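Enquirer: For reference, the structure I am asking about is given below.
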C-alpha cells in the first residue's frame, strides 16, 4: 500500500513552511512560517494526506511541527488537522503531535499551548536548539 | 399532568362508550329498531376515527421527539463551533500582537544607535530631508550642525574602548539635556553627532550649539587615580539657504565648517 502513496515534499518559502511526509514511518513534518496566499489550497494536500493515512492504515501518526508565524487561515487549517487527529484518537488510533520551538522564542511555545487546549491526544511542546 | 387528565365521556376515544354501543347493537331486543343501521354505521366510523387519532398522535409524537433531538445536536454543534471560532480568534490575535511588537522592535533597531540609544544616521538622514521640505514649505530657517568629539582616538587608546564607549554615552546624555525639545539629534557615526535645529536662524542656532559645546566641555573622563581627561567637541554649523533642497550640500557645508573648527584649535563652533 505504501508504494501507492505519494509522500509530500514541499519546498519552503518565506511564506510557506517546508512540508515532508513519510508514510512508512507515519510521520509528517512542517517547519517554518505559514502565511500562504491561498491557505486552503496549500493545506488541502496536507489535510488529505493525513486523512488517507488515518483512513487506510492502523499505524500510529506523528505530526512534527516547528511552525513560527501563522496567519489566521493557517491557524484554522491546523485546527482542522488537530480535530481530525482528535477524532481518530477517539476511535482508539494512536496519534501524537510534537511541536518544537526555539527556546529563545518563548512566544511560539505559548502559541502552541493555546493550540493544545481542548485536545486529549498526546501533544508535546519541546524546546529545540537551532 | 397529562396522565391525570380525563377524557370527556362523550369522546369517540372512550373505549367504554364504544363497547356499550357495541353491546346495544348486538342485543336482539333492538333488532327491529329502525335506527340500528345508522347507529352501526356511526359505531364503525367512531372506531376508525379512534384508530386514526391514535396513529396521528404517535406520528406527531415521533416528529416532536426528532425535532427535539435535532435542536439539541444543533445547539451542541453551534456551541462547539463558537468555541472553535473563539480559539481561532484568540490564537490569531496573539500572532498579530507578536507581529506588531516585532515590527516595533525592528523599527527601533532600524532607527536607533544601540550604544547611546540616540537616533542613528539612517533616521537622521530621513529627518533632514523632511525638515528641509518643511522649511521650504513654510519659508522658515533650518540649522544643521555636525559635532565631532575632540581627540577621541586618544581616549580609546589611553583608557580603552570601554571608557570610550562610556564617554560617548555621557556625551549623548549631555546633548539630550542641552538641546531644545523640538531639536532633532543623534549619533552620526563614530564620535560624530548631528543636530538638526528646525525653525532656527544662525544667531539662535549659535546659542544652542554653544550651550551644547560648553556642557560637553564639562565632562570629565576619569581614569582611576590618573589625571583623566576633560572632554571637548568641535562643531560645524550651517543653515538652509534659499532654493536649497539637497541634504548633501548642507551636510558638506557643515562638514567643511567642522574642519575649520578643528584647524582653529578645536572646542569651538564654526559656521559655513
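Enquirer: Filter segment A:22-37 down to residues that are in a strand (DSSP E or B) and in contact with a strand residue (DSSP E or B) (Cβ under 7 Å, 6 or more places away or on another chain) and give me whichever is nearest to residue A:73 (Cα to Cα). Walk me through it before giving the result.
Expert: As a first pass, look at segment A:22-37 and keep what is in a strand (DSSP E or B): A:22, A:27-34.
Checking which are in contact with a strand residue (DSSP E or B) (Cβ under 7 Å, 6 or more places away or on another chain) leaves us with A:27-34.
Details: A:27: 23, A:28: 20, A:29: 19, A:30: 16, A:31: 17, A:32: 16, A:33: 13, A:34: 9 Å.
The extreme case among them is A:34.
Enquirer: Give the residues of segment B:187-242 that are out of contact with any helix residue (DSSP H, G or I) (no Cβ under 8 Å at 6 or more places or on another chain), assigned to a loop (DSSP other than H, G, I, E, B) and closer than 17 Å to residue B:265 by Cβ, sorted by residue number.
Expert: B:217
Enquirer: Test residue A:102 against the stated conditions and say whether it is more than 12 Å from the chain's Cα centre (by Cα) and away from chain B (no Cβ under 14 Å).
Expert: no
Enquirer: Moving to a separate point now. Considering B:70, B:81, B:51, which residue is within 14 Å of chain A (Cβ to nearest Cβ), loosely packed, with under 12 Cβ neighbours inside 10 Å and assigned to a helix (DSSP H, G or I)?
Expert: So the residue among B:70, B:81, B:51 that is within 14 Å of chain A (Cβ to nearest Cβ), loosely packed, with under 12 Cβ neighbours inside 10 Å and assigned to a helix (DSSP H, G or I) is B:81.
Enquirer: Just name the residue that is farthest from the other protein chains (Cβ to nearest Cβ) out of those in segment A:62-76 that are more than 20 Å from residue B:102 (Cα to Cα) and in contact with a helix residue (DSSP H, G or I) (Cβ under 6 Å, 6 or more places away or on another chain).
Expert: Result: A:73.
Enquirer: Here is a further query. Residues being out of contact with any helix residue (DSSP H, G or I) (no Cβ under 7 Å at 6 or more places or on another chain) and assigned to a helix (DSSP H, G or I): count how many of those fall in segment B:97-114.
Expert: Of the residues in segment B:97-114, the ones out of contact with any helix residue (DSSP H, G or I) (no Cβ under 7 Å at 6 or more places or on another chain) are B:97, B:99-109, B:112-114.
When the remaining residues are screened for being assigned to a helix (DSSP H, G or I), the result is B:97, B:99-109.
Of the residues in segment B:97-114, 12 are out of contact with any helix residue (DSSP H, G or I) (no Cβ under 7 Å at 6 or more places or on another chain) and assigned to a helix (DSSP H, G or I).
Enquirer: Name the residue, out of B:113, B:61, that is modelled with pLDDT of 90 or more, in contact with a strand residue (DSSP E or B) (Cβ under 6 Å, 6 or more places away or on another chain) and away from every other protein chain (no Cβ under 14 Å).
Expert: Just a single option satisfies the conditions, and that option is B:113.
Enquirer: Same structure, new question: Check B:129, B:122, B:94, B:77 and return the single one that is closer than 30 Å to residue A:83 by Cα and in contact with a helix residue (DSSP H, G or I) (Cβ under 8 Å, 6 or more places away or on another chain).
Expert: Criteria check complete, one pass: B:94.
Enquirer: Hey, can you tell me all the residues within segment A:38-51 that are farther than 17 Å from residue A:72 by Cα and loosely packed, with under 13 Cβ neighbours inside 10 Å?
Expert: Across segment A:38-51, the qualifying residue is only A:48.
The values are calculated or read from the model by the stated rules, or taken from the named source; none is laboratory data. Keep in mind it's a predicted model, so treat the numbers as computed, not measured. Ideal geometry is used to build each Cβ from the backbone, glycine not excepted, and the neighbour counts take in all protein chains shown.
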